[in-house]
Amino acid sequence: MKYRAAWRAGMAASALLYLSGVISLFNFFRRRIMKRNISVVLMYHRVSDDGELPDITVSTKKFESHISYLAKNFNVVTVDKIVELFRKGERPARDTAAVTFDDGFKDNYTFAYPVLKKYNIPASVFVAADYVGRDFGLGEDEIREMNRGGVTFGAHTISHPVLSGLSREDAFREINGSKRALEDILGKEVSYFAYPYGKRGRDFNDDSIDIVRECGFRAAFATDNGFITERSILFGLNRIGMRDLPRFVLEARLSGIFESRIFCALRRLAGI
Ligand SMILES: [Zn+2]
């Protein structure tokens, strides 16, 4: 309930800021005057209109509205590129975004992939190996077809466990096994990993990070909410979780206003 109330408050704040023109003004100020461009990785799960698993599903219409917004306003790049920018410590020359999907649902092929192609937007899918070939999961042929079409695939363990709850051997088997399984399907190296559930310190820990490094991944993604900044870590990169958000909420969320000093000071004043 608490979460829902916070969610509603966030929606209301976004609507107010958007409709009053504050978001446009803030974006103008941030980009043109402060020259502070954003680097962000978005995280989706399902794209579908079937009404199942609403907390992790974005409708096809909303998904297209998000992607068309990104295509117009962001330099949308591959995970490779956004990781490279971070590693070099470079500030992006424009607002930069990467689009990711977790778990490997079949609707990523059926509904998301056509939209991504239409707008020529690169994306990455982190697949739990056990889901491949299941009713709800991507098939091997679909994975290969999407990969030929420019979609990067990353690993997401075999059975989607909470890694911090496993022994070292089991965590290694889950992480390394998912890398190998996906490499077998794709016939190429798999370089990126996303932690199941993904909250640092809760769902994965320093041991999980060590194993991910040891297995030869180049970077890994968390589900901790936030932009990529100089304070981010390569094996626990933040993302912004996407829900069935109206476009104005996306626009407000990606403006960076909620991370700005002004906003934080206002929150402190208001005591929230
Ligand atoms: Zn997942």
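The values are calculated or read from the model by the stated rules, or taken from the named source; none is laboratory data. No experiment lies behind these values; they were computed from the predicted model shown. Backbone-built Cβ (ideal geometry, glycine too); neighbour counts: all protein chains shown. Ligands, DNA and RNA are stripped out before the accessible areas are found, and what is left, the full protein with its side chains, is counted by its heavy atoms. Shrake-Rupley method; radii C 1.70, N 1.55, O 1.52, S 1.80 Å.
Within the stretch 16-30, identify whether any single residue is within 16 Å of the ligand (Cβ to nearest atom) and either of a type in the set (Lys, Arg) or open to solvent by 80 Å² or more (accessible area, probe 1.4 Å) (or both), and answer yes or no. No - not one qualifying residue is present in the stretch 16-30. Those strands (runs of 3 or more DSSP E) of the stretch 145-244 in which 3 or more residues are out of contact with any helix residue (DSSP H, G or I) (no Cβ under 9 Å at 6 or more places or on another chain) occupy 219-225. Restricting attention to the stretch 170-219 and to residues that are within 16 Å of the ligand (Cβ to nearest atom) and of a type in the set (Asp, Glu), the residue that is surrounded by the fewest Cβ atoms within 10 Å (Cβ to Cβ) turns out to be Asp203.
In the stretch 82-122, the qualifying residues are those that are of a type outside the set (Asp, Glu) and within 16 Å of the ligand (Cβ to nearest atom), and the one that is most open to solvent (accessible area, probe 1.4 Å) is Lys106.
Restricting to the stretch 133-142, what's the tally of residues that are surrounded by fewer than 19 Cβ atoms within 10 Å (Cβ to Cβ) and either within 14 Å of the ligand (Cβ to nearest atom) or part of a loop (DSSP other than H, G, I, E, B) (or both)? Total meeting the criteria: 5.
Among the residues of the stretch 61-75, those identified as open to solvent by less than 20 Å² (accessible area, probe 1.4 Å) and in contact with a helix residue (DSSP H, G or I) (Cβ under 7 Å, 6 or more places away or on another chain) are Phe63, His66, Ile67, Tyr69.
In summary, Phe248 fulfils each of the numbered conditions (1) among the aromatic types (Phe, Trp, Tyr); (2) in contact with an Asp or Glu (Cβ under 8 Å, 6 or more places away or on another chain); (3) open to solvent by 50 Å² or more (accessible area, probe 1.4 Å) with the single exception of condition (2).
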